[in-house]
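A short write-up of the structure that comes next.
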Amino acid sequence: RYSGWHLMGTAKMGDDPAKSVVNRFQRSHDVENLYIVDGSVFVTSSGVNPTATITALALRTADNIVKSRSLQAVPS
């Protein structure tokens, strides 16, 4: 018999830094410019293989990084 499991929830996503590690865009509350984009940001297991959800979160996070960086002033 085969079995498998996925580690999740060790760097939970949320708005409250006291109860979570990253915000809704997977950016760390405590470490500047650190993004955690994997299953550890899930608050709980979804009960199914998390690959598609992790991929969607990664794309959303990448889009947010590009958008936020494009709004920054370029040093002269």
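Below, the figures for the structure above:
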read-out	value
Breaking point among (1) in a helix (DSSP H, G or I); (2) in contact (Cβ under 8 Å) with a residue 12 or more places away in the chain, for Val43	(1)
Hits in region 63-76 - residues which are free of Cβ contacts under 8 Å to residues at least 12 places away in the same chain and in a helix (DSSP H, G or I)	Asp63, Val66, Lys67, Ser68, Arg69, Ser70
Subset tally (residues that are touching a Pro at 6+ places or on another chain (Cβ under 7 Å) and of a type in the set (A, V, I, L, M)) for region 29-76	0
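Condition check ((1) under 27 Å from Arg69 (Cα atoms); (2) surrounded by fewer than 18 Cβ atoms within 10 Å (Cβ to Cβ)) across all residues:
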| residue | (1), (2) |
| --- | --- |
| Leu7 | no, yes |
| Ala18 | yes, yes |
| Asn23 | yes, yes |
| His29 | yes, yes |
| Val37 | yes, no |
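Taken together, the values in this text are just the output of simple stated rules run on the coordinates, not laboratory data. Since we're looking at a predicted model, the values are computed, not measured. For neighbour counting, all protein chains shown are included, and Cβ atoms are generated from backbone atoms with ideal geometry for every residue, glycine included.
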